[in-house]
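For reference, the structure is listed below as C-alpha cells.
The values are calculated or read from the model by the stated rules, or taken from the named source; none is laboratory data. What you see is a predicted model, and the numbers here were worked out from it, not measured in a lab. Cβ placement follows ideal geometry from the backbone for every residue including glycine, while neighbour counts extend to all protein chains displayed. We work out accessible area using only protein heavy atoms, side chains counted, and drop any ligands, DNA or RNA first. Shrake-Rupley method; radii C 1.70, N 1.55, O 1.52, S 1.80 Å.
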Amino acid sequence: MTSFTVPAAAPARPAIGFFERYLTVWVALCIVVGIALGQILPGFSKAVASLQVAKVNVPVGFLIWVMIVPMLLKIDFGALGQVTSHWRGIGVTLFINWAVKPFSMALLGWIFIRHVFAHYLPAEQLDSYVAGLILLAAAPCTAMVFVWSQLCKGDPYFTLSQVALNDAIMVVAFAPIVALLLGLSSITVPWDTLLVSVGLYIVVPVVVSQWWRTALLRRGAGHFQAVADRLGPLSISALLLTLVLLFAFQGEAILDQPLVIALLAVPILIQVVFNSGLAYLLNRKLGVKHCVAGPSALIGASNFFELAVATAISLFGFQSGAALATVVGVLIEVPVMLAVVAVVNRTQDWYEAGQTAS
C-alpha cells in the first residue's frame, strides 16, 4: 500500500480547521436548532425515525458513513510496520485505550450516574446513560488525534502507526468490550444489532476508505490531500446534521431536566483527565520521548465519538439516554482536548527533566 504520513510540519496549512476549532459552538447551535425543530415539527423527527431497514435508520446510516469514511481515509495501515520503532509509547497507549479507558468509564458511570447524580436524572434512563458512556470510551479517536498531535509537536510517524493499530484492533475488539461492559452493568446486550453496527460503521467503512485511498494515491499524494481537505467540512457537516436530528428527539427530556448535559459531562471530564495523565506519566516513567508521550496521552484520552453516536442510535434509538450521553462527548471534545494539549506543551521541560531512560 502506498504510504501517506502526516507531515511533521505544515506551515502552509492550519493545524486545526475552522469547523473543528469551533466544534463546541456548532454542537451548542445544534442543540438549540434540534430542540426547536422537535417542538415546531414533531412529526418530522418521527418520520425520520420510521425510515428503518433491519433496525438501521437509513438517513442516519448514510450520515454516519459521510462522517466516518473521510476520517478513515487518512489511515495508512501500511504504517503498522513502524509500530516496533515506538514500542514503549505504543504499549502505553494500547494499555490505556483497551485495558483502562473502557473499564474506568464504566466505573465512573456506575459511581456518578447510578449513585451520585441518580436523584437528578430520569430513573428510566440511568442504564441507558451508562451504556452511552461505555460506547463513548470503547473506541479510541481516529481523526482528530492528528490535529492534537500536530499541536503538541508530536511525532507524526508514531501517531499514524498508533492510529492504524488502534483501528485494526477496533474491528475485532469493539463489540466484545462493549458487550462485556454492558453485561457487567446489567444492561441487555442486543448482539445482533451490535454486530450489524460493527459491520456497518467499522468494517465496511474501513474497507471502502482503504480502497478509495489506494485509488486516490495512484493519482499522487497532492491529489489525495486535496480530496481529503475537501471532505473534512463535509464530514463535520454530516455530524452536525445528525446531532440536529438527535436533539429534535431529545428536546422534551432536555427541557424537562436542563442539567442533564452538565451532569453527563462530569464522568467524561474525569475520564479524560485520568487517562491522559496516566498515559503521560507512564511514558515519562518509561523514558519515552516527549514527542511520543504527547500524542500517546492525547490518543489515550480522546474518543471516536462519531462511532459512539452511530452505535448508540442503532442499539438504543434516537430518544435514548445512550445517544444523548455520546453527544455530550462531542460537545466537550475540542475544548477539553485543547486543554490537554496546553498541559502537554507547558510541561515539556518538567517531563524531560524526569525521564528515567533515554
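Residues in region 300-332 that are open to solvent by 10 Å² or more (accessible area, probe 1.4 Å) and more than 23 Å from residue 44 (Cα to Cα): 331, 332. When 164, 138 are checked against the criterion of being small (Gly, Ala, Ser) and closer than 15 Å to residue 325 by Cα, a single residue qualifies: 138.
The C-beta contact set for region 314-330 (first residue outside any helix (DSSP H, G or I), second residue not basic (Lys, Arg), distance under 6 angstrom, 6+ apart or interchain) comprises 318/49; 318/246; 318/249; 319/249; 320/128. When you scan region 281-298, do you find a residue that is open to solvent by 50 Å² or more (accessible area, probe 1.4 Å) and either closer than 26 Å to residue 42 by Cβ or at pLDDT below 90 (or both), even just one? No: zero hits. Checked against (1) touching a residue at least 12 places away in the same chain (Cβ under 8 Å); (2) of a type outside the set (A, V, I, L, M, F, W, C); (3) part of a helix (DSSP H, G or I); (4) open to solvent by 50 Å² or more (accessible area, probe 1.4 Å), residue 84 passes all but condition (1).
For residue 157, the conditions (1) within 18 Å of the chain's Cα centre (by Cα); (2) among the aromatic types (Phe, Trp, Tyr); (3) within 23 Å of residue 337 (Cα to Cα) are fulfilled apart from (1).
Out of all the residues in region 206-225, which are open to solvent by less than 50 Å² (accessible area, probe 1.4 Å), hydrophobic (A, V, I, L, M, F, W, C) and either out of contact with any Leu (no Cβ under 9 Å at 6 or more places or on another chain) or outside any helix (DSSP H, G or I) (or both)? Selection gives 215, 217. Considering 135, 73, the condition of being crowded, with 18+ Cβ neighbours inside 10 Å, more than 28 Å from residue 229 (Cα to Cα) and in contact with a helix residue (DSSP H, G or I) (Cβ under 6 Å, 6 or more places away or on another chain) is satisfied by 135 alone. When residue 234 is tested against (1) touching a Pro at 6+ places or on another chain (Cβ under 9 Å); (2) modelled with pLDDT under 80, just one condition goes unmet, and that condition is (2). The selection criterion, being in contact with a Ser or Thr (Cβ under 7 Å, 6 or more places away or on another chain), buried (at least 18 other Cβ atoms within 10 Å of the Cβ) and either modelled with pLDDT of 75 or more or not acidic (Asp, Glu) (or both), does not hold for residue 49.
Listed by first and then second residue, the pairs with beta-carbon distance under 6 Å, at least 6 apart or on different chains, first residue in region 206-221 and polar (S, T, N, Q), second modelled with pLDDT under 90 and crowded, with 17+ Cβ neighbours inside 10 Å, are 209/69; 209/72; 209/73.
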